[in-house]
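Below is one structure, written out as structure tokens; the observations come after it.
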Amino acid sequence: MTSALRTVLGNHGQVAALKSGEVRVAGVELAFEDVKPMVDAYRRMARAAEFDICELAPTTYLVARARGTPITALPIPMTRRFRHAGVVRPAGSDIRTPKDLEGRRVGIRAHTVTAGVWTRGILMDEYGLDPAKVTWVTDDEEHVPDVALPPNVQKAPDGRKLADLMRAGELDAGFAGLAGIGEPPEGTRYDDLFDDPAPLEAEWFRRTGIYPIHGLITVRDDVLAAHPHLPGALMDAFEAAKRLYLDNVMSGEADGPEDRRYRKLAALVGDPLPYGFEANRASLEALVRYANRQGFLPDPEPLERLFLPVEPVAREVAA
């Protein structure tokens with residue numbers, strides 16, 4: 001009997017039915033493992049392909065695969081978030097435009113973190129930012145440790161976190177939340193780089209069709225070889241679980257902060273969690289282009305090899 005496939009997924013609403021067993025993957029059993037923090041699973045998959053199936057940050061996947069990690073991604077994005085928002089500056093800062101970041105020190109958890117790759121790409125394309133003129137300050141290790149970093153990336157001094165540097169005025173700006181400096185301390189206000197990013201994000205999406213991806217499903221290559229049906233079976237099962245989740249989101253039954261965020265996004269993008277190669281082609285192409293321009297992916301493979309071109313199929317999924 002084939003052993004169950006070791007699987008690590010984040011705690012997202014759209015995979016809850018898979019984790020509970022309400023939706024199953026045809027032909028295989030999944031053995032779910034809970035890894036906390038999730039970043040540890042990313043590193044274990046990127047560095048050693050430790051799991052059979054694992055959610056992975058998209059730029060971590062691209063860097064790991066380019067360096068020989070035997071994994072392949074399916075076009076099943078786990079989270080989506082526009083990236084005009086998320087770079088913050090101290091209240092009263094003279095930074096007003098993306099170009100004002102040039103010559104400044106900006107904190108980000110690690111240089112290859114996906115939020116940074118998306119944000120830098122957008123600021124380069126849309127606002128003319130030259131990221132080589134920014135000093136990027138990090139306080140964590142890269143998921144793929146041997147990735148070559150540009151000379152304008154600096155590590156924070158030993159024992160000091162980005163939040164400390166920001167509070168002390170040693171950073172001019174930083175990525176908010178888990179991507180960088182965390183939440184501002186009580187009594188401190190940080191302002192977003194853009195005063196009102198939401199209309200900018202909406203206009204950019206309507207013009208480009210790009211809907212930034214944070215998290216993809218990756219599968220070890222030997223597992224794909226042993227189970228040729230697996231990409232389609234996974235796509236079907238993930239799609240079925242997602243539909244159950246989105247029914248609850250749109251009805252209001254699911255009403256947490258992330259549920260409300262996706263309900264709001266649906267008014268702009270339609271399906272807030274689109275799966276499949278063609279539905280995500282523009283976003284995947286942009287991600288690869290940004291990674292290439294930022295030096296993480298010097299010689300990318302064709303898109304159809306980097307991301308298996310599977311699509312959701314409307315057929316009954318075993319439950």
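The values are calculated or read from the model by the stated rules, or taken from the named source; none is laboratory data. Quick caveat, the model's predicted, so the values are computed rather than measured. Here the Cβ is made from the backbone with ideal geometry for all residues, glycine too, and neighbour counts use every protein chain on show.
So the values come out like this:
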item: Odd one out for Ala163 among (1) among the hydrophobic types (A, V, I, L, M, F, W, C); (2) surrounded by 13 or more Cβ atoms within 10 Å (Cβ to Cβ); (3) in contact (Cβ under 8 Å) with a residue 24 or more places away in the chain; result: (3)
item: Condition met for Asp52 (more than 27 Å from Arg263 (Cα to Cα), more than 18 Å from the chain's Cα centre (by Cα) and assigned by TED's automatic domain parsing to the domain that holds Met235); result: yes
item: Condition broken by Ala237, with the remaining ones in (1) within 30 Å of Pro151 (Cβ to Cβ); (2) surrounded by 19 or more Cβ atoms within 10 Å (Cβ to Cβ) satisfied; result: (1)
item: Candidate set: segment 52-94, residues that are of a type in the set (Ser, Thr, Tyr) and over 22 Å from His111 (Cβ atoms); chosen: the one surrounded by the fewest Cβ atoms within 10 Å (Cβ to Cβ); result: Ser93
item: Hits in segment 121-133 (condition: assigned to a loop (DSSP other than H, G, I, E, B) and either more than 18 Å from Arg104 (Cβ to Cβ) or among the hydrophobic types (A, V, I, L, M, F, W, C) (or both)); result: Leu129
item: Options Arg281, Arg289: the member that is outside the structural domain of Thr114 (by TED's automatic domain parsing), surrounded by 14 or more Cβ atoms within 10 Å (Cβ to Cβ), free of Cβ contacts under 8 Å to residues at least 40 places away in the same chain and under 16 Å from the mean Cα position of the chain (by Cα); result: Arg281
item: Exclusive hit being assigned to a strand (DSSP E or B), of a type in the set (Phe, Trp, Tyr) and at pLDDT 95 or above, set Trp118, Trp136; result: Trp136
